[in-house]
Amino acid sequence: MRLSLTKAKKFIKQLRFLGSFEKKTSIIQLLDMILLGFRYGFSPLEYNLYGFYKKSISRSEKLSFISNEKILKIFRPYLNHKSWIPILENKLLFFLYYSQLGFPVVEVYGFYYPERGFFLDGSPLREKSDFLRWLNKSDIKGCVVKPLGSLGGKGIMIFEELISPETIRSNDGKNYSLNEVISLMEKDIEVRQSKEDNYKGYIIEEKIEQDPAMNVLSGKSLNTIRVSTLITNNNEILIDFGMLRVGREGSITDNLHQGGYVVNINVENGSIGEKTFGYKEEGGPWIEEKEERIKDFFTDCKVPFWHDIVSLAKKAASFSPELRSVGWDIAISKNGPVLMEGNDNWDMVIAQVLSGGYLTEERREILKEYGIEFPR
């Protein structure tokens, strides 16, 4: 009873949120929305994102989509074992695991955490003096400071240059004192991470130089490709979905929650989709088509090094026991593709907005082998 009441409250809250947009909901649509919501778990937001309000869309087409509720409660738990998920969620564990297996990954220099932090050479990383000592003795040109386990690009700081013993310049052109950097990290650990993240602390990692072919829109962001893999019950590795993520001009990250753009990728040949999407407002959740034609910035309208990207994603999947559905974030450096992150929750909602309902006949058969069946 309490669960149903909570679900009803969330449903009504989203209805009120959608009321602020131009599209109005008719009585018939509202009844349909309620039916799909309480029977199949679709929220009012998903109802509108997937175009369920259109008269031309049939019931079977609607049920080719998976609601986020079912993704969280059925899809992910069945395919990815909880004991292996921390390797993806915890950025330090991710680096230590995949680097030991010889994957091209971003080098991690250290883990900042008050009283318990360390650099990978064994020296402490717990306060400003530790950070300063390392900066002065290293020959790095830049570094990235990011939360150990947060999503959505929150808390990331990208630094290009050490311009004085205690001042570093950010990707956005601003100068920060080391006191400010340490203060920002500690505040985030104490306030936001305590409430939102599964892991506390920051990693200090290499700032890679991306291939010029990926530096579109004159942005400062590292633009990445998300490629999801699906492992069948007989251990065949399939490329399940592809998405190109691009930061808008002036942005330091390609994340949607920071104003980035997403475009569908045809996984067969790496060709980039016609339509570009982004959030209506920076924080989301309403996604809409944008004017920018991202595909026009790429030679032959294709993602460079696509064959290498596919090979890297499949290899990563083959070394990830009991992780059968993973979204791999891959960047293209001057030396080729680099494995940046793996995601258990690889944002299937956005994927379905870009490419349609996930539940094709082929996927239904694969999921059936794992004991997962969705209504038709």
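Over the stretch 107-206, what is the mean sequence separation of C-alpha contacts under 8 Å (at least six apart), divided by residue count, expressed as relative contact order in percent?
Relative contact order, the stretch 107-206: 34 percent.
From the C-alpha gyration tensor of the stretch 278-376, pull out the three semi-axes of the equivalent ellipsoid (sqrt of 5λ each), sorted largest to smallest, in whole Å.
Largest first, the stretch 278-376 gives 26, 22, 14 Å.
Given the Cα-Cα distance of Phe297 and Lys73 and 0.36 nm per residue of separation, how much length would full extension add, in nm?
Contour length minus the Cα-Cα distance gives 76.8 nm.
Highest mean first, what order results for 157-165, 255-263, 327-335 on Cβ atoms within 10 Å?
The packing order, highest mean first, is 255-263, 327-335, 157-165.
Pairs of alpha-carbon atoms within less than 8 angstrom and 6+ residues apart define the contacts here; what relative contact order does the stretch 212-369 have, in percent?
Once normalised by length, the contact order is 21 percent.
Compute the angle between helix 2-18 and the longest alpha-carbon principal axis of the chain, please, reported from 0 to 90 degrees and rounded to the nearest 10.
It works out to around 80 degrees.
Set the bar at 30 Å for Cα to Cα. Now go through Lys280/Lys302; Lys137/Lys195; Lys146/Lys280 and name every pair that lies beyond it.
Check vs 30 Å cut-off fails for Lys137/Lys195.
Report, largest value first, the span of the C-alpha coordinates of the chain along each principal axis, in whole Å.
66, 42, 42
How big is the stretch 107-206 by Rg and Dmax over its Cα atoms, in Å?
Calculated on Cα positions, Rg and Dmax stand at 12.6, 36 Å.
Separation between the Lys128 and Lys368 pseudo-spin-labels, each 7 Å from Cα along Cα→Cβ, expressed in nm?
6.4
Take each of the peptides 299-305, 99-105, average the number of other beta-carbon atoms within 10 Å over its residues, and list them starting from the highest.
299-305, 99-105
For the stretch 212-278, I need the span (max minus min coordinate) of the C-alpha atoms along each principal axis, in Å, sorted largest to smallest.
46, 22, 21
Round to a whole angstrom and tell me the spacing of the C-alpha centers of the stretch 119-195 and the stretch 337-376.
36
For the stretch 78-143, what Kirkwood radius comes out of the mean inverse Cα-Cα distance, in Å?
13.6
Taking amide hydrogens as modeled 1.01 Å from N in the peptide plane, which residues meet the under 5 Å criterion relative to Leu125, leaving out close sequence neighbours?
For Leu125, the qualifying residues are Gly117, Phe118, Phe119.
Expressed as a rounded percentage, what relative contact order does the chain have, with Cα pairs under 8 Å and six or more residues apart?
Computed value for the chain: 17 percent relative contact order.
Tell me, Tyr53, Tyr202 in order of fewest to most beta-carbon neighbours within 10 Å?
Final ranking by Cβ density, sparse to dense: Tyr53, Tyr202.
Give the aspartates and glutamates whose C-alpha is closer than 17 Å to that of Lys91, dropping any in the same chain fewer than 8 places away, or say none.
Counting by Cα, and skipping residues close in sequence, Lys91 has these aspartates and glutamates nearby: Glu107, Asp188, Glu196, Asp197, Glu205, Glu206, Asp329, Glu341, Asp344.
Taking θ = phi - 60°, what integer Hz values does the Karplus form 6.51 cos²θ - 1.76 cosθ + 1.60 yield along the stretch 191-205, in sequence order, with x for Gly and Pro?
Taking θ as phi minus 60°, the curve returns 9, 6, 4, 4, 9, 10, 9, 7, 10, 10, x, 10, 10, 10, 10 Hz for the stretch 191-205.
Which residues' amide hydrogens lie under 5 Å from the amide hydrogen of Met340, considering only partners 5 or more residues apart or on another chain, with H built in the peptide plane?
Residues meeting the amide H criterion: Asp329, Ile330, Ala331.
Through the Karplus equation 6.51 cos²θ - 1.76 cosθ + 1.60, θ set to phi - 60°, convert the phi angles of the stretch 85-91 into ³J(HN,Hα) values in whole Hz; use x for Gly and Pro.
So the J values, rounded to whole Hz, are 4, x, 4, 8, 6, 8, 5.
If amide hydrogens are placed 1.01 Å from N in the peptide plane, which non-local residues have theirs closer than 5 Å to the one on Ile287?
Amide H neighbours of Ile287: Lys280.
Kindly write out, for the stretch 362-367 in residue order, the coupling ³J(HN,Hα) from the Karplus curve 6.51 cos²θ - 1.76 cosθ + 1.60 (θ = phi - 60°), rounded to whole Hz, with x marking Gly and Pro.
4, 5, 4, 5, 5, 5
Can you sort Asp197, Asp296 from fewest to most other Cβ atoms within 10 Å of each residue's own Cβ?
Placing the least packed residue first, the sequence is Asp296, Asp197.
On a 0 to 90 degree scale, rounded to 10, what angle separates helix 128-137 from the longest Cα axis of the chain?
Taking Cα atoms only, the helix is inclined about 70 degrees.
Among Met340, Met243, which comes first, then next, by fewest other beta-carbon atoms within 10 Å?
Lowest count first: Met340, Met243.
No value in this document is a laboratory result; all are computed from the given coordinates. Since the model is a prediction, treat every value here as computed from it, not as a measurement. With ideal geometry, Cβ positions are generated from the backbone for all residues, glycine too; neighbour counts draw on all protein chains shown.
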